[in-house]
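Working notes, structure below.
The values are calculated or read from the model by the stated rules, or taken from the named source; none is laboratory data. Just so you know, these numbers come straight off a predicted model, no measurement behind them. Cβ placement follows ideal geometry from the backbone for every residue including glycine, while neighbour counts extend to all protein chains displayed. Just the protein is used for accessible areas: all its heavy atoms, side chains included, with ligands, DNA and RNA removed. Shrake-Rupley method; radii C 1.70, N 1.55, O 1.52, S 1.80 Å.
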Amino acid sequence: MKNYKHEEQISLFDIEKTSNILKESVECDEVDFVSFRELVPEITDTGYLTHAIVSYPAKFIPQVVRYAINTYTKEDDWIIDPFAGSGTVGVEAYLCKRNAVLFDLNLLLNHIMPLKVYRGKERLKIESLGNLLDGMIENNTHLFAPSWSNVNYWYAPEILELLSQYWGFIHNIEQDVYTGIIKSALLKVSKRFSYTEHRTPKLARSKRKLAAIEELLKENWKEKLIDVVYDHSFKTLSRINDFVTLTKHHQNQVDFHGGVDSSYIDVPRECDALITSPPYLQAQEYIRSTKMDLYWLGHTDEEIQALSRLEIPYRKADRMIHTKTLDNIRDKLTRPDLCNRLDSYFCHTINALENTVNRLKPNATACIFVGNPRIDGITVELWRILAEYFTERGYQFEKVYEDRIKTRQLFGVRKNKNPDGMKSEYLLILRKTTV
Ligand SMILES: C[S@@+](CC[C@H](N)C(=O)[O-])C[C@H]1O[C@@H](n2cnc3c(N)ncnc32)[C@H](O)[C@@H]1O
């Protein structure tokens, strides 16, 4: 087994605050070292069960979510996540017999969740999946052309033609969990067999990848592509079946709404807890990173561009957020573009959090997992700024955990080893007061 202790030493300060509502700033007076992995020994693999079905930038590690669920919620509670991403909170909630309501700007959520939280009680059949896959390989009656103006730039013509044939088949039959499984495999090959570097999140056509595809085309590329599709599909089916076995008696609900802007949503119900990780202050561009997937799944150029414009922190701020720590940072920042980014980030991140925490029941807990990014060399203590903002608006600061990161996998193979980069992440715990 992997020795995470050496590779990814995570230590956790548990900083408790004894006073209730903090007025001007939030200070820490007690520090405990703990580790999420030690706190949640039942999870030994971050990609266990259905968590690893689809890769997604800056996913939560499930141990953090499980810890928050175990500590701050009880069975049948409703948990809300306004930045659900790939739905880690939904999976953990269902496994722990909680309900969840998830929102994210990225439409991918709507495609991922039926696979990651499959609520059927019967195990899926290998033969049914096999027959469907065989049908797809043999059939070429429908071709699917993604609504993507420069799709030809990303593929060798023969590969594009084969992918269009497989996607054409899968889009034109009745949709169910089996078609979802095959789509997840087709997403994998659509990226791997394209000219983009498939291990980096954003689309990037490189000489290295072009040469690799050229080489592939000289060999039995079609058999290789088909092997990956079958292999990935059967692995996904097996992960879902393990999930089904484990959740046979679970009856909870996981509602999901991809393609919505959490800064302005109306939350449909009262909830017992919020567990979330907002986007990073540094531009991560989740929509741009996943747009190849979105095109193949049938979304259009217009839809994708419209969503990209709503992504935090690219939109203009429509109000100014003030807290002591944030105002100090503003005073030090000299570059107007960075000031705008900071204002936009806090305006829309806080709008989204406020929309959702305001629908929490009295005494409910908000668990917000954030980093400590730097902007123009200045550290932005996100958790402190959020704590300062919300403690002036009916929330009580309960504690903050510091999760020290030696090397954390942010995107695929890219490791965050930069000594000046983000070194810690924090789980901020706020409680809604009864008044
Ligand atoms: C750190 S990621 C969340 C990852 C998630 N915790 C997981 O485990 O997969 C932040 C998410 O915020 C989303 N986001 C960015 N701007 C948004 C907005 N205006 N409304 C809703 N979601 C937004 C991004 O699409 C991204 O999925």
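General observations
- For the chain, the longest principal axis of the alpha carbon atoms and the long axis of helix 301-310 meet at an angle near 10°.
- Column: log10 I(q)/I(0), Debye, Cα scatterers of segment 105-146, q = 0.26, 0.30, 0.34 Å⁻¹: -0.94, -0.96, -1.04
- Counting every alpha-carbon pair across segment 95-204, the share separated by more than 17 Å comes to 63%.
- Projected label points at D76 and E122, each 7 Å from Cα along the beta carbon direction, are separated by 2.9 nanometres.
- Kirkwood Rh and Cα Rg combined as Rg over Rh, evaluated for segment 251-304: 1.02
- Sites D301 and A204, calculated FRET efficiency, Cβ-Cβ separation with R0 22 Å, nearest 0.05: 0.70
- Magnitude of the charge dipole for segment 126-246, about its Cα centre and with charges confined to Cβ atoms of Lys, Arg (+1) and Asp, Glu (-1), is about 800 debye.
- Averaged per residue, the chain has 44 square angstrom of accessible surface, using a 1.4 angstrom probe with ligands and nucleic acids left out.
- Which of F256, F36 is most accessible, then next, and so on - probe 1.4 Å: F256, F36
- Exposure ranking of F103, F234 by accessible area [1.4 Å probe, largest first]: F234, F103
- Rg and Dmax of segment 345-399, based on Cα coordinates, read 12.0, 39 Å.
- For the chain, the Cβ-based charge dipole about the Cα centre amounts to some 680 debye (Lys, Arg positive; Asp, Glu negative; other atoms uncharged).
- Once all protein chains are placed together, L246 keeps about 110 Å² accessible to a 1.4 angstrom probe.
- Across the chain, the mean sequence separation of Cα contacts (distance under 8 Å, 6 or more residues apart), normalised by length, yields a relative contact order of 24 percent.
- In the chain, the longest principal axis of the Cα atoms and the axis of helix 177-192 are about 90 degrees apart.
- Think of each Lys and Arg Cβ as +1 and each Asp and Glu Cβ as -1; about the Cα centre, that makes the dipole of segment 83-179 roughly 640 debye.
- For the chain, the fraction of alpha-carbon pairs in successive 10 Å shells from zero, as %: 4, 20, 30, 26, 14, 5, 1, 0
- Think of segment 88-151 as having a plus end and a minus end, set by charges on the Cβ of Lys, Arg, Asp and Glu; of M136, L124, L102, L102 sits farthest toward the positive end of this dipole.
- Viscosity 1.002 mPa s, 20 °C: Kirkwood-radius Stokes-Einstein D of segment 80-138 over Cα pairs, µm²/s: 162
- The 1.4 Å probe gives accessible areas that order R269, R199, R119, R66, largest first, as R199, R119, R269, R66.
- Heavy-atom accessible surface of segment 139-281: percent carbon and sulfur, 1.4 Å: 50
- Here the gap between E174 and H142, fully extended at 0.36 nm per residue and compared with their Cα-Cα distance, gives a gain of 10.1 nm.
- The distance from the alpha carbon centre of segment 332-391 to that of segment 255-304 is 18 Å, rounded to a whole number.
- To the nearest 10, the accessible area of E38 is 120 Å² with a 1.4 Å probe.
- Ligands, DNA and RNA excluded, the heavy atoms of Y178 present near 40 Å² of accessible surface to a 1.4 Å solvent probe.
- The chain, helix-only ellipticity at 222 nm - DSSP H runs n ≥ 4, -39,500 (n - 2.57), divided by all residues, nearest 500: -13000 deg cm²/dmol
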